[in-house]
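Written below as structure tokens is the structure these notes are about.
The values are calculated or read from the model by the stated rules, or taken from the named source; none is laboratory data. Bear in mind that the values here come from a model prediction, so they are computed numbers and not experimental data. Glycine gets a Cβ as well: all are built from the backbone with ideal geometry, and neighbour counts include every protein chain shown. To get the accessible areas, we keep the full protein, side chains included, count just its heavy atoms, and leave off ligands, DNA and RNA. Shrake-Rupley method; radii C 1.70, N 1.55, O 1.52, S 1.80 Å.
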Amino acid sequence: MTDNLWAKLKKRSDSEPDRAAALGIPAGGVARMISSSGRIGLPVLQQVARSLSRVDFVQFMQQPVLAGAAIHLGTLSTRSGAGSRTLNRTILFEPLESSAEPVSASESLKQAIYPLVRGEFATSAGAMFSIGRIDGNDLIMPDYAISRNHAILEIKRGDYFLKDCGSTNGTTLKSARLQNKPVQLHDRDVISFARYEFTFLFPGSLYDMLMAA
């Protein structure tokens, strides 16, 4: 992103009504960069980071992100008969038996950044982000290991809480499986939705990661 494009984004952010602000979620210019699946591409954010100071980047992002990290190794099985009836079902993911579960680096997943900012395509009301594999979620991960309605991340008084929604393959925080009770998140926490691993990053930590890449 050039300085000229950044100036245009900032001008739009300053001059247009901010729907996210009305919901209590300050979005800034980043809201207009989020795709319908809730993502921003890593290369785009790298260009933004290189054109801004750390302070300006933090102000631009305003909220944390889920940054794609890795895919856990294992097998996928429906445990049911084949056929069209299984196509809409979540596929059971069985991780490898290991005391230190290996993970496979995934370039495509590492390109996926999900900001906790309400974009133009957001569907949930209030300071809440739904996570799942189908349209209608705020953060969409189109994989059959992810449940249709997998998890919810909620912002309360500036703190961030995550809970599982009874998903087939579970949500883990620092390797501990979550239940339907919200658990508070902290900077650099490692989260997994089924086989997909993410890092929860505040804007300053995201900036450091982008500049080190």
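Within the stretch 112-137, how many residues turn out to be open to solvent by 30 Å² or more (accessible area, probe 1.4 Å) and either touching a helix residue (DSSP H, G or I) at 6+ places or on another chain (Cβ under 6 Å) or more than 19 Å from Asp159 (Cα to Cα) (or both)? Residues flagged as open to solvent by 30 Å² or more (accessible area, probe 1.4 Å) and either touching a helix residue (DSSP H, G or I) at 6+ places or on another chain (Cβ under 6 Å) or more than 19 Å from Asp159 (Cα to Cα) (or both) within the stretch 112-137 amount to 7. Give the residue, chosen from Ile140, Ile146, that is modelled with pLDDT under 95 and under 18 Å from Thr199 (Cα atoms). Only one candidate passes the filter, namely Ile140. Counting the residues of the stretch 138-155 that are surrounded by fewer than 22 Cβ atoms within 10 Å (Cβ to Cβ) and not in a strand (DSSP E or B) gives 5. Take the conditions (1) out of contact with any Gly (no Cβ under 6 Å at 6 or more places or on another chain); (2) modelled with pLDDT of 90 or more; (3) part of a strand (DSSP E or B); (4) not small (Gly, Ala, Ser); Val55 misses just one of them, which is (3).
A single entry from Phe202, Phe161, Phe193, Phe198 fulfils the requirement of being within 16 Å of the chain's Cα centre (by Cα), surrounded by fewer than 16 Cβ atoms within 10 Å (Cβ to Cβ) and aromatic (Phe, Trp, Tyr): Phe161.
Take the conditions (1) open to solvent by 60 Å² or more (accessible area, probe 1.4 Å); (2) modelled with pLDDT of 90 or more; (3) within 23 Å of Leu162 (Cβ to Cβ); Leu23 misses just one of them, which is (2). Is one or more of the residues making up the stretch 166-189 in a loop (DSSP other than H, G, I, E, B), among the hydrophobic types (A, V, I, L, M, F, W, C) and touching a Phe, Trp or Tyr at 6+ places or on another chain (Cβ under 6 Å)? For the stretch 166-189, residues in a loop (DSSP other than H, G, I, E, B), among the hydrophobic types (A, V, I, L, M, F, W, C) and touching a Phe, Trp or Tyr at 6+ places or on another chain (Cβ under 6 Å): present.
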